[in-house]
Amino acid sequence: MNIKIGAIDCFDGNAVHGGLLPMFICLQEGGDCYPADDWVDNAEVVVGWWTQSVIDLIKGGEGQGICFMEGGYDIDLKYKSEVFYLDSEDGEISWIVSKEGVINALVGAYEKLIEIYKKIGVDNPVGFYKSIELLKSQL
């Protein structure tokens, strides 16, 4: 699994308001993108939500699933025996991904966010490095 994140060229450091910067973001598995390759959302917020849900599930909690801020694209997220099961409510995806695959996708997403924010002059606005450390500690 991969979390694809891309900057929108028209934004710069002055466009960041309250830490929110719209970006292209989607989940990828094989050749599939969800919800779409050109989906725009607040990537740092949803990646933070996804991280909390994944950590909660690993620690035996119920998790919150995976959702996007913009639109009704919700994914039921289950965890059992070192494997995550992702099933979208609209039936578009049904993926089985290893714990390592999910964690590496989230770490990669944070690394991409760091890269994008540095390019526009914002250095680690919400503690991405701490989130990376937390995720890696679960491997």
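With 31 Å as the limit, the listed pairs Lys4/Lys78; Lys59/Lys112; Lys4/Lys80; Lys80/Lys118; Lys59/Lys119 have Lys80/Lys118; Lys59/Lys119 beyond it between alpha carbons.
Ranking Gly65, Ile103, Val40 by how far each Cα lies toward the positive end of the dipole of the stretch 2-136 (charges on Cβ) leaves Ile103 at the top. Largest GNM mean-square fluctuation across Gly101, Gly63, Gly71, computed for the chain with C-alpha springs under 10 Å, falls on Gly71. Built from the Cα atoms of the chain, the convex hull projects on average onto 7.9 nm², one quarter of its surface area. When you restrict to C-alpha pairs under 8 Å that are six or more residues apart and normalise by the size of the stretch 2-136, the relative contact order lands at 21 percent.
Every read-out reported here was derived from the displayed coordinates using simple, explicitly stated rules and does not represent laboratory data. Please read all numbers here as calculations on a predicted model, not as lab measurements. Reconstructed Cβ throughout: ideal geometry from the backbone, glycine too, with neighbour counts over all protein chains shown.
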